[in-house]
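Each reported figure results from applying straightforward, stated rules to the coordinates on display, with no laboratory input. These numbers were taken from a predicted model, which means no experiment stands behind them. Here Cβ is always computed from backbone atoms with ideal geometry, including for glycine, and neighbour counts include all displayed protein chains.
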Amino acid sequence: MSAPAPIPTDFSSRTHPRILCLFDVDGTLSPARGDASKEMIDLLARLRQTCAIGVVGGSDLKKIREQFHVNGGGRDGVTLFDYFFAENGLTAFKFGKPLATQSFINWLGEEKYQRLAKFCLRYISQLDIPVMRGTFIEFRNGMINVSPIGRNASTEERHAFEKYDKEHGIRPKFIAALKEEFPDYGLTFSIGGQISFDVFPHGWDKTYSLRFVTGEDSTNEPQWDEIHFFGDKTYKGGNDYEIFSDPRTIGHTVTSPEDTARQLEELFFSS
Ligand code: M1P
């Protein structure tokens with residue numbers, strides 16, 4: 001097996017050093033909570049010679065890392081991209097090195113957090129849904145993730161819950177109740193996947209990550225001519241909506257990883 005390519009430390013060798021492509025993960029680079037394919041990882045490596053690339057996922061670092069592990073040729077997923085943002089950028093890396101960031105619990109405070117967590121658990125305890133598993137609240141660095149069925153649901157149970165939720169609106173109703181109960185908390189509730197929703201302060205959506213690429217966080221970033229963003233949940237209420245519609249990005253809606261690959265080939269590799 002050949003040695004992994006060294007981690008780049010600048011953008012000057014790229015064909016378009018002032019173009020940055022950012023990608024959502026689930027439904028964009030990989031199937032929901034599944035592995036990115038070898039073909040996708042090879043395509044991203046090719047794209048990285050053309051321009052700068054980054055990932056902006058809603059999931060936590062461990063989960064996104066796993067999704068690039070199987071087909072990543074033994075490389076840490078973080079090093080396959082110039083920028084790697086988990087939890088919308090609340091966990092951030094550039095050229096494989098961590099960047100300073102902040103935390104949800106420091107922002108909200110223990111007392112308010114406990115009121116919120118207890119409300120969620122009480123609400124879930126009153127739900128009548130076909131299946132319930134475990135881990136109903138996942139506490140992360142930049143957000144909490146709340147799941148009515150529980151994060152321990154199997155793949156089949158996930159698919160079944162997603163379908164059930166589309167018919168019965170379990171998550172939208174839960175979110176409406178939270179908004180009514182905590183109108184002054186300054187929180188955003190965002191459905192990014194199949195079985196849960198993310199809860200984070202206003203503004204800590206995926207646009208949070210842009211501060212690291214535009215130099216707002218006082219790092220010395222290039223003046224990008226174009227920042228492209230590719231995501232599948234780009235509709236209002238989806239967790240890609242804010243970054244997709246941000247004036248700093250050129251948004252692309254994709255329907256699957258295969259569609260992402262097709263759009264990339266068309267944009268960057270067809271002459
Ligand atoms: O990346 C999108 C979402 O993926 C997961 O959602 P679910 O488990 O509901 O399919 C979660 O990690 C969620 O935080 C994330 O936004």
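The residues of the range 216-235 that are in a loop (DSSP other than H, G, I, E, B) and more than 16 Å from the ligand (Cβ to nearest atom), listed by number, are Glu216, Asp217, Ser218, Thr219, Asn220, Glu221, Pro222, Gln223, Trp224, Asp225. Only one of the listed residues (Ala160, Ala177) is hydrophobic (A, V, I, L, M, F, W, C), farther than 29 Å from Phe85 by Cβ and within 23 Å of the chain's Cα centre (by Cα). That residue is Ala160.
In the range 197-210, the count of residues that are surrounded by 17 or more Cβ atoms within 10 Å (Cβ to Cβ), more than 10 Å from the ligand (Cβ to nearest atom), under 20 Å from Ser245 (Cα atoms) and β-branched (Val, Ile, Thr) is one or more. Number of residues in the range 183-213 that are over 15 Å from Asn88 (Cα atoms) and touching a Lys or Arg at 6+ places or on another chain (Cβ under 8 Å) equals 4. Here are the criteria: (1) closer than 21 Å to Ile227 by Cα; (2) polar (S, T, N, Q); (3) surrounded by fewer than 22 Cβ atoms within 10 Å (Cβ to Cβ). Tell me which single one Ser37 does not satisfy. It is condition (1) that Ser37 fails.
Taken over the range 143-187, the residue count meeting the criterion of being of a type in the set (Ser, Thr, Tyr), within 12 Å of the ligand (Cβ to nearest atom) and surrounded by 16 or more Cβ atoms within 10 Å (Cβ to Cβ) is 1. Scoring Ser30 on the criteria (1) of a type in the set (Ser, Thr, Tyr); (2) within 16 Å of the ligand (Cβ to nearest atom); (3) surrounded by fewer than 16 Cβ atoms within 10 Å (Cβ to Cβ) leaves a single failure, condition (3).
Going through (1) buried (at least 17 other Cβ atoms within 10 Å of the Cβ); (2) without any contact (Cβ under 8 Å) to a residue 60 or more places away in the chain; (3) not basic (Lys, Arg) one by one, Ser190 falls short only on (2). Restricted to the range 116-131, and to residues there that are more than 20 Å from Asp198 (Cβ to Cβ) and of a type outside the set (D, E, K, R), the residue that is nearest to the ligand (Cβ to nearest atom) is Val131.
Table: residues versus (1) closer than 23 Å to Val213 by Cα; (2) under 17 Å from the mean Cα position of the chain (by Cα).
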| residue | (1), (2) |
| --- | --- |
| Arg33 | no, yes |
| Arg48 | yes, no |
| Leu61 | yes, yes |
| Ile64 | yes, yes |
| Val70 | no, no |
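Looking at Leu90, Leu99 in this structure, which one is within 16 Å of the ligand (Cβ to nearest atom) and either out of contact with any helix residue (DSSP H, G or I) (no Cβ under 9 Å at 6 or more places or on another chain) or on the phi < 0 side of the Ramachandran plot (or both)?
One residue alone meets the criteria, Leu90.
Scanning for something without any contact (Cβ under 8 Å) to a residue 24 or more places away in the chain and either more than 16 Å from the ligand (Cβ to nearest atom) or farther than 20 Å from Phe189 by Cα (or both), does the range 34-43 turn up at least one residue? Yes, the conditions are met somewhere in the range 34-43.
Figure legend. Inter-residue proximity from the range 147-165: first residues in contact (Cβ under 8 Å) with a residue 24 or more places away in the chain and among the hydrophobic types (A, V, I, L, M, F, W, C), second residues surrounded by 16 or more Cβ atoms within 10 Å (Cβ to Cβ) and part of a helix (DSSP H, G or I), beta-carbon distance below 6 Å, spacing 6+ or different chains. Indicated pairs: Ile149/Phe161.
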